[in-house]
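Participant: Got a structure for you, questions after.
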Amino acid sequence: MTARPAQLQDIAPVFQIEQAVFGHHVYPDFFFRQAHDLWPDLFFVAPGAQDGELGGYIIGAPGSGQGEFWIMSLAVHEHCRGQGVGKQLLQALLQALRTRQASYAKLTVHPDNSAVRLYQQLGFVVVEHQPHYFGDNDPRLLMRADF
């Protein structure tokens, strides 16, 4: 199981994972094509348990500050959780950010998301709690890792 750069044929399966993981609060399908075009070196997928299946994806993007990057989305299909897929994806993206000489990376995550522990294990710290990040009572933790 090794994370690899996303390819065009991965776009539809990535969007399916997005919908399965995030339900109604998702990026539109065309976002993934644009992400592939804009940041191909920051868009990774990982295989699932069955041949030909994708287990998850991660997308990074440059931020507005000098050396700033964002983790736009990380999603692991429910049946692939607990198998190291998320960690593998995050490590691949962090390595790509170091190659780009990033100074730091930011992300937002729901406080109840089990991925918070993974982010902390890989060097992210909570810098802010925003109780209404995506609207009323839709909180997010803003996390940051310095390189």
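The values are calculated or read from the model by the stated rules, or taken from the named source; none is laboratory data. Everything numeric here is computed off the predicted structure, so don't read it as measured data. Every residue, glycine as well, gets a Cβ built from its backbone with ideal geometry; the counts of neighbours run over all protein chains shown. For accessibility, only protein heavy atoms count, side chains too; no ligands or nucleic acids. Shrake-Rupley method; radii C 1.70, N 1.55, O 1.52, S 1.80 Å.
Participant: Just for segment 50-92: of the residues that are in a helix (DSSP H, G or I), free of Cβ contacts under 8 Å to residues at least 60 places away in the same chain and within 11 Å of the chain's Cα centre (by Cα), which one is surrounded by the most Cβ atoms within 10 Å (Cβ to Cβ)?
Facilitator: 90
Participant: What number of residues within segment 115-147 are open to solvent by 70 Å² or more (accessible area, probe 1.4 Å), in a loop (DSSP other than H, G, I, E, B) and without any contact (Cβ under 8 Å) to a residue 24 or more places away in the chain?
Facilitator: Residues in segment 115-147 being open to solvent by 70 Å² or more (accessible area, probe 1.4 Å), in a loop (DSSP other than H, G, I, E, B) and without any contact (Cβ under 8 Å) to a residue 24 or more places away in the chain: 3 in total.
Participant: Can you pull out every residue in segment 92-137 that is farther than 18 Å from residue 73 by Cβ and of a type in the set (A, V, I, L, M)?
Facilitator: If the condition is that a residue be farther than 18 Å from residue 73 by Cβ and of a type in the set (A, V, I, L, M), then 125, 126, 127 are the ones that fit.
Participant: Give segment 17-27 a look and list any residue that's assigned to a helix (DSSP H, G or I), touching a residue at least 12 places away in the same chain (Cβ under 8 Å) and surrounded by 13 or more Cβ atoms within 10 Å (Cβ to Cβ), or say none.
Facilitator: Those that are assigned to a helix (DSSP H, G or I), touching a residue at least 12 places away in the same chain (Cβ under 8 Å) and surrounded by 13 or more Cβ atoms within 10 Å (Cβ to Cβ): 17, 18, 20, 21.
Participant: Which residue out of 30, 43 is open to solvent by 20 Å² or more (accessible area, probe 1.4 Å) and over 16 Å from residue 118 (Cα atoms)? If you could, list the steps in order and put the result at the bottom.
Facilitator: Numbers: 43 fails: open to solvent by 20 Å² or more (accessible area, probe 1.4 Å).
Criteria check complete, one pass: 30.
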